[in-house]
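Remarks on the structure that follows.
The values are calculated or read from the model by the stated rules, or taken from the named source; none is laboratory data. Keep in mind that what you see is a predicted model, and the values were worked out from it rather than measured. In this analysis, Cβ positions are derived from the backbone assuming ideal geometry, glycine residues included, and neighbour counts consider all displayed protein chains. What goes into the accessible areas is simple: the full protein's heavy atoms, side chains included, and nothing from ligands, DNA or RNA. Shrake-Rupley method; radii C 1.70, N 1.55, O 1.52, S 1.80 Å.
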Amino acid sequence: MSLKGKTAVVTGSNSGIGLGVAEELARAGADVVLNSYTDSEDDHALAERIGKEHGVTARYIQADLSKGAEARALIKQAGRCDILVNNAGIQHVASIEDFPVEKWDAIIAIMLSSAFHTTAEALPIMREAGWGRIVNIASAHGLRASPYKGAYVAAKHGVVGFTKVTALETAKEPITANAVCPGYVLTPLVESQIPDTMEKYGMDRETALNDVILTRQPSREFATTEQLGGTVAFLCSDAAAQITGTTISVDGGWTAM
Ligand code: NAD
C-alpha cells in the first residue's frame, strides 16, 4: 500500500499513539503534519527526523486544540488534508461530584469538540481533492464505561457518535470516517495513572499494571503504538474503501466481555 501524494494531519502527535500513527503513515509514503499545543525545538526536530527517515515532507504545526479557532487554523495552515486523524487527548480521574469543572471542559473540548472543528474544516478540502479518510482515535471507553472517568467516557462515546454522523454525511463520496478504539497502550497518558493506582491499592508498579490496569484487557498485554499506526494505515488503504461509520477495537479482547 502506498499513501504517496497524500497529506495526513495527525493531532496530538508529538507523543504516544499520535506519534506512532504519524510514523506509520509516513512509512506508507504520506506527507505528515504533526501537532501539539507546545512549540519547542524538539517538536520541530521530531518532524524533521520523520521526514528524513521516510523520505516524505513532515511539518510540525502548533495548535492548542482546547480552542476551536486553533483547531480550525491547524487544518487551514496544513493546506492539504487527505487524511485526518483526530487523536489529541488528556485524562482526569475523579468522581462526578469531585470532578473539576475546568477539567471536564478541557476534556470535552480537546477530545470531542476539536474533532468537530477539524472535520468541518477538512471536509471541503477532501471534497475538492476527491478523496478523504477520517480516523478518530476513540477508546474502549467509547464503547464501555469505567467509574471516575466521566468526562473521558462521555467524550469518547461522543466521538464514536460523531464518527457515525460524519460517515453518513459522506457516504456517497470517496470519503470514509471510522473510529479506532484502543484498549490500554503504555503511553504518557496511561503512565500518569499508574502512581495513583499504586498508592490506592498499596501495590508495586508491576502488580498495579497486571492486577488492576490490565484486568480489563483479557490478553493481559498492552497494545502498541505501532499496532495502532498499522490499523490507521489499513483504514487509509483501498481495501478499507467500504469500511465507514464503524469502530475497530484494538483492545486485546476488552470489549468482547
Ligand atoms: P499521550 O499523552 O502520549 O498523547 C496525547 C497527545 O495529545 C500528545 O501529543 C499531547 O501533546 C496532545 N495534546 C494534549 N492536549 C492537547 C491540546 N490542548 N492541543 C493539542 N494537543 C494536545 O497519550 P496517548 O495515550 O497517546 O493518547 C492519544 C489518544 O489515544 C487520546 O485521544 C487517548 O484518549 C487515546 N487513547 C489512549 C489509550 C491508552 O491506553 N494510551 C487508550 C485508548 C485511547
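Listed by position, the strands (runs of 3 or more DSSP E) inside segment 1-85 whose residues that are more than 19 Å from VAL180 (Cα to Cα) and open to solvent by 40 Å² or more (accessible area, probe 1.4 Å) number at least 1 are 31-36, 58-62.
Filtered by the rule that a residue be under 24 Å from THR224 (Cβ atoms) and among the small types (Gly, Ala, Ser), segment 19-54 gives GLY20, ALA22, ALA26, ALA28, GLY29, ALA30, SER36, ALA45, ALA47, GLY51.
Is one or more of the residues making up segment 118-125 farther than 23 Å from THR225 by Cα and touching a His at 6+ places or on another chain (Cβ under 8 Å)? Looking for residues that are farther than 23 Å from THR225 by Cα and touching a His at 6+ places or on another chain (Cβ under 8 Å), one finds none in segment 118-125, hence no.
Considering GLY89, GLY68, GLY55, the condition of being free of Cβ contacts under 8 Å to residues at least 60 places away in the same chain and either under 16 Å from LYS156 (Cβ atoms) or more than 15 Å from the ligand (Cβ to nearest atom) (or both) is satisfied by GLY55 alone. Among the residues of segment 203-216 satisfying the criterion of being within 15 Å of the ligand (Cβ to nearest atom) and not in a loop (DSSP other than H, G, I, E, B), which is farthest from the chain's Cα centre (by Cα)? So, considering only residues that are within 15 Å of the ligand (Cβ to nearest atom) and not in a loop (DSSP other than H, G, I, E, B), the one farthest from the chain's Cα centre (by Cα) is ALA208.
Listed by first and then second residue, the pairs linking a residue in segment 130-153 that is within 11 Å of the ligand (Cβ to nearest atom) and hydroxyl-bearing (Ser, Thr, Tyr) to a residue that is in a loop (DSSP other than H, G, I, E, B) and open to solvent by 10 Å² or more (accessible area, probe 1.4 Å), with Cβ atoms under 6 Å apart and 6 or more places separating them unless they lie on different chains, are TYR152/GLN91.
Let's see how each residue does on (1) open to solvent by 20 Å² or more (accessible area, probe 1.4 Å); (2) more than 9 Å from the ligand (Cβ to nearest atom); (3) among the acidic types (Asp, Glu):
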| residue | (1), (2), (3) |
| --- | --- |
| GLY183 | no, no, no |
| GLU191 | yes, no, yes |
| ILE194 | no, yes, no |
| TYR201 | yes, yes, no |
| PRO218 | yes, yes, no |
| THR225 | yes, no, no |
| GLY229 | no, yes, no |
| LEU235 | no, yes, no |
| ALA239 | yes, yes, no |
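Can you give me the ranges of the helices (runs of 4 or more DSSP H) entirely in segment 86-199 with at least 3 residues that are over 22 Å from VAL10 (Cβ atoms)? Of the helices (runs of 4 or more DSSP H) lying wholly inside segment 86-199, those with at least 3 residues that are over 22 Å from VAL10 (Cβ atoms) span 101-108, 150-169. Regarding segment 24-39, can at least one residue be identified that is within 16 Å of the ligand (Cβ to nearest atom) and free of Cβ contacts under 8 Å to residues at least 24 places away in the same chain? Yes, segment 24-39 contains at least one residue that is within 16 Å of the ligand (Cβ to nearest atom) and free of Cβ contacts under 8 Å to residues at least 24 places away in the same chain. Screening segment 104-150 for residues that are of a type in the set (Ser, Thr, Tyr) and open to solvent by less than 40 Å² (accessible area, probe 1.4 Å) and picking the one that is farthest from LYS6 (Cα to Cα) gives SER146.
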